[in-house]
Every structure is written in structure tokens, then in C-alpha cells.
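The structure under discussion appears below in the form of C-alpha cells.
Every read-out reported here was derived from the displayed coordinates using simple, explicitly stated rules and does not represent laboratory data. The model shown is predicted, which means the values in this text are computed figures rather than measured ones. Reconstructed Cβ throughout: ideal geometry from the backbone, glycine too, with neighbour counts over all protein chains shown.
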Amino acid sequence: MLFAFDDHSIPWRHNLKVTLVQADKHPDNPVLRRGPKGAPDHGHAILYGTVFKDGDTFRMWYLGMFQTGL
């Protein structure tokens with residue numbers, strides 16, 4: 001597992017402790033569903049999505065693939 005942050009690369013780390021925490025599955029999984037047939041994300045999504053808030057809207061970045069199989 002690659003964790004991009006550690007206790008030494010974060011500035012102002014006084015009294016900071018970085019720990020890994022087990023993720024909880026959202027009760028309505030999957031949060032990200034396949035797109036409609038012919039959409040760029042019809043097959044599947046790869047890589048983890050990045051969610052950010054833009055005003056009152058949540059947006060998600062991910063890499064969608066149109067292939068349904070490898």
C-alpha cells in the first residue's frame with residue numbers, strides 16, 4: 001500500500017499523528033454506477049475516485065472505461 005503522506009512530509013505537524021483507518025462501506029453501495037450503454041463509463045471505473053465539494057455540489061473525478069471486460 002502506498003500512503004502519500006507521512007508524519008515527516010506534512011508541514012506544521014506538531015501534535016499530529018497519522019494513522020490508517022479501516023473504511024466503512026456506504027450502505028447504498030455502489031455509490032458509482034455504470035453509465036448507460038455507449039457512455040464512456042459503461043464498462044467500469046478504475047482508480048479510486050476523488051470527491052470534492054464545489055459550492056453546494058459534490059463532484060467526483062474517476063477514470064471510466066467503456067470495455068465491460070478485460
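Model label sites at MET60 and ASP24, defined 7 Å from Cα along the beta-carbon direction, differ in position by 1.8 nm.
Placing a label point 7 Å from the Cα of ARG34 along the Cα-to-Cβ direction, the residues of segment 43-70 whose backbone N falls under 15 Å of that point are 43-46, 64-70. The order of VAL21, VAL51, going from fewest to most other C-beta atoms within 10 Å of their C-beta, is VAL21, VAL51.
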